[in-house]
Amino acid sequence: MGRNVKKSKEESLEILREYLTTYQSKRSICIKYGLDHNWISRNLIKFAVGDKKDGLPMKKLPGNVDFEKNYHDSNRDDLLRRIRELEIELRKTEMARDAYDEMIRLAEQYYNLPIRKKSGAK
């Protein structure tokens, strides 16, 4: 496996997108691209992207719906990939909103000034 491989932001996001939208493990993706075994975990944190645990299941557990048997739509993989991309975008937006709220809260606390407008006309 390669070590200290520098990737552009676009390349990194594309590798992360492949990991998140397929059933491949972190290890198999790292081997495929010659990356350090912690590369995916570090870049998920760096780009503020959640891991697969809250998205696609890694293994088919008993009782789970088997998409292969129940759905024969040729666009199923594209639809699942698009859903995953939208979930990632939503998570990033929610994280940004939370960061802005925290910045406002800290600024209000530090400067002792109300920054948020109170609703209602005067």
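For the range 10-26, putting each phi into the Karplus relation 6.51 cos²θ - 1.76 cosθ + 1.60 with θ = phi - 60° gives couplings of 5, 5, 4, 5, 5, 5, 5, 4, 4, 4, 6, 9, 10, 8, 6, 7, 4 Hz, in residue order, rounded to whole numbers and with x for Gly and Pro. Computed from label points 7 Å out along Cα-Cβ, the spacing between Glu108 and Arg91 is 2.9 nm. A cut-off under 13 angstrom between Cβ atoms defines the neighbours of Asp98, and their net charge, with Lys, Arg +1 and Asp, Glu -1, is +1.
Among residues other than Ile115 with Cβ under 10 Å from its Cβ, the summed charge is +2 (Lys and Arg +1, Asp and Glu -1). Probe 1.4 Å, all protein chains in place: accessible area of Tyr19 in Å², nearest 10? Surface accessible to solvent at Tyr19 totals approximately 10 Å².
The values are calculated or read from the model by the stated rules, or taken from the named source; none is laboratory data. Keep in mind the model is a prediction, meaning the values are calculated, not measured. Note that each Cβ is placed from the backbone with ideal geometry, even for glycine, and that neighbours are counted across all protein chains shown. Keep in mind that these areas ignore ligands, DNA and RNA; they rest on the heavy atoms of the full protein, side chains included. Shrake-Rupley method; radii C 1.70, N 1.55, O 1.52, S 1.80 Å.
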